[in-house]
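One structure is given below, encoded as structure tokens.
The values are calculated or read from the model by the stated rules, or taken from the named source; none is laboratory data. These numbers were taken from a predicted model, which means no experiment stands behind them. Glycine gets a Cβ as well: all are built from the backbone with ideal geometry, and neighbour counts include every protein chain shown.
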Amino acid sequence: MFDQDSPDDAKIAELAKALAHPARLRILRLLLATPGCIGGDIVGAVGLAQSTVSEHLRILKSAGIITGEIAGPRVCYALSPGVLADLAAFIETLVLPSGERCCTPTAKARHGTV
């Protein structure tokens, strides 16, 4: 059944928006490969300016996708476990069961010449 209003929609949209940049995806892959990565290491690995990486980290942290804890003079970043589960579950609902086909308009119908 089609549910027009889901209470999780805003949360899912916020997570998707936070992931919507290639540099942020690189940061997440780096954190996955090296848990507890230190901020300075992220800058070198991502290959962007410190200020740019800091902004991407801020966006990911604001969405709750990563955590950042002060460890002496540095900040230690890590993935937040389970935060992306709602987004992953939503994406799984977008996959058609095998054998079913979605109605796609013909080229003429897409351009308004039916």
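Note on region 1-73: enclosed helices (runs of 4 or more DSSP H) holding 3 or more residues that are surrounded by fewer than 16 Cβ atoms within 10 Å (Cβ to Cβ) and polar (S, T, N, Q) are 50-62.
Could you check, for region 44-51, whether at least one of its residues is over 15 Å from the mean Cα position of the chain (by Cα) and of a type in the set (V, I, T)?
Checked region 44-51: at least one residue is over 15 Å from the mean Cα position of the chain (by Cα) and of a type in the set (V, I, T).
Filtering region 74-96 to residues that are more than 16 Å from K17 (Cβ to Cβ), of a type outside the set (A, V, I, L, M) and assigned to a helix (DSSP H, G or I) leaves E92, T93. Quickly run through region 1-36 and pick out the residues that are in contact with a helix residue (DSSP H, G or I) (Cβ under 6 Å, 6 or more places away or on another chain), modelled with pLDDT of 90 or more and farther than 16 Å from I66 by Cα. None; the set is empty.
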